[in-house]
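Notes follow the structure.
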Amino acid sequence: MMGGPPHDGAPPFVPFVKPNATRTEQGDLLFVLRASQGEFPRIVLAPGTVEECFHAGWRTFNLAEKYQCPVIVLVDTFLANSVRSMPRSDFHFEAVEIDRDC
């Protein structure tokens, strides 16, 4: 999960924070894209909605299997700590494909 900057003064993972009380940023995305002990391929997925998180779950395994490299899923702290009710029909399970053609 991605968090805010270390200097914002707010404790991490506070579920009920007033709007605009802390700032969120995407600083970890650049870190994950560039940090390595050498050059190696990696895939980074950064879903922005609950629906995208659902699709990123099964796509992660397919991409790792197909390209044989690490796949990293970054989820924003706000999205990870939010609560949302969704009908089961919003998740299209028929779109889930397991790709094992390697």
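Restricting the range 50-102 to residues that are among the β-branched types (Val, Ile, Thr) and either outside any loop (DSSP other than H, G, I, E, B) or touching a Gly at 6+ places or on another chain (Cβ under 8 Å) (or both), the residue that is modelled with the lowest pLDDT is THR77. The set of residues from the range 32-66 being closer than 15 Å to VAL96 by Cβ and either among the basic types (Lys, Arg) or touching a residue at least 40 places away in the same chain (Cβ under 8 Å) (or both) comprises GLU51, HIS55, TRP58, ARG59. Per this entry, ILE72 is counted among residues that are in contact with a Lys or Arg (Cβ under 7 Å, 6 or more places away or on another chain) and not basic (Lys, Arg).
The values are calculated or read from the model by the stated rules, or taken from the named source; none is laboratory data. Quantities reported herein were computed from a predicted structural model and do not represent experimental measurements. A quick note on method: Cβ atoms are made from the backbone with ideal geometry, for glycine too, and the neighbour counts reach across all protein chains shown.
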